[in-house]
Amino acid sequence: MTLKQLVCPFTALVVGWAVAIYATSTLVVLAGLSPHVPPLDHWSSLPGRAFAVADWISPAAKLSIGATFALLLWPLRAVQGLPFRLAGASIAGLAATLAVLLVLPGDWSRGFGVGLTGVRLDPVALPLHLVGGALGGIAFALQSASCARAAG
């Protein structure tokens, strides 16, 4: 296995992980769920507030999401056909996020899941987390395909 064959999927994992974190943070800001960030008053403040929410998420939550993403998304590199890879990656991203939401202790979950709302699988926050995870999976698949095309 060449270095490029390792770098492409690793880059795709980092992109997918970052999209999952920041998409979820953006949705949390839009829903006004973060006690750490004031409610959105103008669209121009959205990026800064989404970054503040993402920054507030505990390192344990971020690392758990990254590790679970890697575990579930890495095997999808072998899936042929972008539509199948997109579908599989979105489901894997959703499943990775759900797994972290289910098992990460509340003390380690600052800003994410039970650490955000005080309720595990909160019915208001859960869809936001799952959509963020699915978008992260899609970003992984698209970055992986783009990198593979560039590698020839």
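The values are calculated or read from the model by the stated rules, or taken from the named source; none is laboratory data. No experiment lies behind these values; they were computed from the predicted model shown. Note that each Cβ is placed from the backbone with ideal geometry, even for glycine, and that neighbours are counted across all protein chains shown. The accessibility values were calculated without ligands, DNA or RNA, using every heavy atom of the protein model including side chains. Shrake-Rupley method; radii C 1.70, N 1.55, O 1.52, S 1.80 Å.
The figures follow:
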quantity	calculated
Residue that is over 17 Å from L13 (Cβ atoms), part of a helix (DSSP H, G or I) and among the hydroxyl-bearing types (S, T, Y), where the choices are S144, S90, S44, S64	S44
Residue identified as in contact with a Lys or Arg (Cβ under 7 Å, 6 or more places away or on another chain), touching a residue at least 24 places away in the same chain (Cβ under 8 Å) and over 17 Å from L116 (Cα atoms) among L76, L71	L76
Test: G93 is in contact (Cβ under 8 Å) with a residue 60 or more places away in the chain and either open to solvent by 70 Å² or more (accessible area, probe 1.4 Å) or under 15 Å from V28 (Cβ atoms) (or both)	no
Residue identified as in contact with a helix residue (DSSP H, G or I) (Cβ under 8 Å, 6 or more places away or on another chain) and surrounded by fewer than 17 Cβ atoms within 10 Å (Cβ to Cβ) among L86, L116, L142, L71	L71
Of residues in the stretch 127-139 being open to solvent by 40 Å² or more (accessible area, probe 1.4 Å) and closer than 14 Å to L98 by Cα, the one nearest to the chain's Cα centre (by Cα)	L135
Hey, W108 among the aromatic types (F, W, Y), open to solvent by less than 70 Å² (accessible area, probe 1.4 Å) and in contact (Cβ under 8 Å) with a residue 40 or more places away in the chain or not	no
